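The values are calculated or read from the model by the stated rules, or taken from the named source; none is laboratory data. None of the values given here were measured: they were computed from a predicted structure. As a convention, Cβ positions derive from the backbone with ideal geometry for all residues, glycine included, and neighbour counts pool all protein chains shown.
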Amino acid sequence: MRKTELLNKINGLKAEAIALAQAGKLAEAKAKKAELDEAQAAFDLLDELEDRATPTAAKPAAVPEGSELARFCNAARTGFRNAYTGMQEGTDTDGGYTVPKDIETRVRRYKEAKDKLEDLINTEKPKAPAGERTYVTKTQHTGFLTAAETAKIGKKDGPKFERVKYATEKRAGILPVTQELLSDSDDEIADMVSEWLGEEDIATVNKLVLDTIATVAKTDLKGLDGIKGAANKTLGAAYAGAMSIVTNEDGWQYLDTLKDKNGRYLFNPDGQSEESKVISTGFGVLPVHVVSCATLASDGKKVPFIVADMKSAVTLFRYGTFKVTSTDVGTVGDLSAFESDLTFFKGASRLDCKIVDKGAIVNGFIDTTAPAVGA
């Protein structure tokens, strides 16, 4: 048997012996080791005999195809590309485990739009979980009539009243966290959970506000002229200086790409602040508040444009404050904090939202597939 064949046999027997030992088959592994020792002895003997042979000028025998030596030579010719199977960083078990990895446990956050519609509306903190608010109804005054001397003075109607009822409801959620994570984490998991639940409260209020606005019938504004008409005529002078537009990223893209007849863009905000996004109307300028489409979604190509004095139109009733509490002994459904060694973090608030002044809001939209009116 040639040395290369013996070498291949030795490598194969060694691999088999290791596999058997790892599988716990010790008797078979010992037997395989005996075969390995015998093959190794034969290789050593042949090697010694070849060293004693008289060198000749005979052409060396061709290396058999598929042998270990042939594969090594072929790999060497190609710079060991796609062929090397020895120690390497790319495979964990072949050496990759020894290479340090830069794994940071400090939690980082991706940039996200932080929409908080509560900042745009009126918020009340009532003294009771349910109640009513009294308002004077809107009445057009007609003025006094003239009265001749000694003539009877005509009767005038007085103010009328109406009430807006509210009833707060609990909105809450529980987030379980293992004690191991709280104890072993390098980051402040408890603070992060509290922050996360606080953002859930913001998302809850956002949805509640938008669901409340959705109770107002929608108006097709058709374009920029419709937006100005909603501000100048529908809302009018009573809300001058307090009106604004609430739209999403689709809406701002629509406004930002409007052009005049000469192809020039109508809006040229300086980009320095939110206040730079404005539309000129007969009552001055109309600020544009842009929220993400994730918060305020478009209905297909129908893009929302809420024209309103938001603080007059919408009131959020927040009874008490948003609270985050924790316990390690409670239960949630079939999950027991004590038995599973968990801590439950609960975020809860009591809320209601109402349209208070229907005359202060136009729940508008623009179909961006239709020709723009007023561009």
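Restrict the check to segment 312-327 and report whether at least one residue is more than 30 Å from Val136 (Cβ to Cβ) and over 27 Å from the mean Cα position of the chain (by Cα).
Yes, there is a match, as at least one residue in segment 312-327 is more than 30 Å from Val136 (Cβ to Cβ) and over 27 Å from the mean Cα position of the chain (by Cα).
Tally the residues that are of a type outside the set (Lys, Arg), surrounded by 16 or more Cβ atoms within 10 Å (Cβ to Cβ) and part of a helix (DSSP H, G or I), restricting the search to segment 306-343.
Qualifying residue count, segment 306-343: 4.
Which one of Ser276, Ser280, Ser298 is at pLDDT 90 or above and assigned by TED's automatic domain parsing to the domain that holds Ala242?
Details: Ser276 fails: at pLDDT 90 or above; Ser280 fails: at pLDDT 90 or above.
After ruling out the rest, the residue left standing is Ser298.
Would you mind stating whether Lys259 is under 35 Å from the mean Cα position of the chain (by Cα), farther than 10 Å from Gly364 by Cα and of a type in the set (D, E, K, R)?
Considered against the rule, which asks whether it is under 35 Å from the mean Cα position of the chain (by Cα), farther than 10 Å from Gly364 by Cα and of a type in the set (D, E, K, R), Lys259 comes out as yes.
So which strands (runs of 3 or more DSSP E) stay within segment 142-227 end to end and still have 3 or more residues that are exposed (fewer than 11 other Cβ atoms within 10 Å of the Cβ)?
161-167
Considering segment 121-141 alone, what residues qualify as being among the basic types (Lys, Arg) and assigned to a loop (DSSP other than H, G, I, E, B)?
Listed by number, the residues that qualify are Lys125, Lys127, Lys138.
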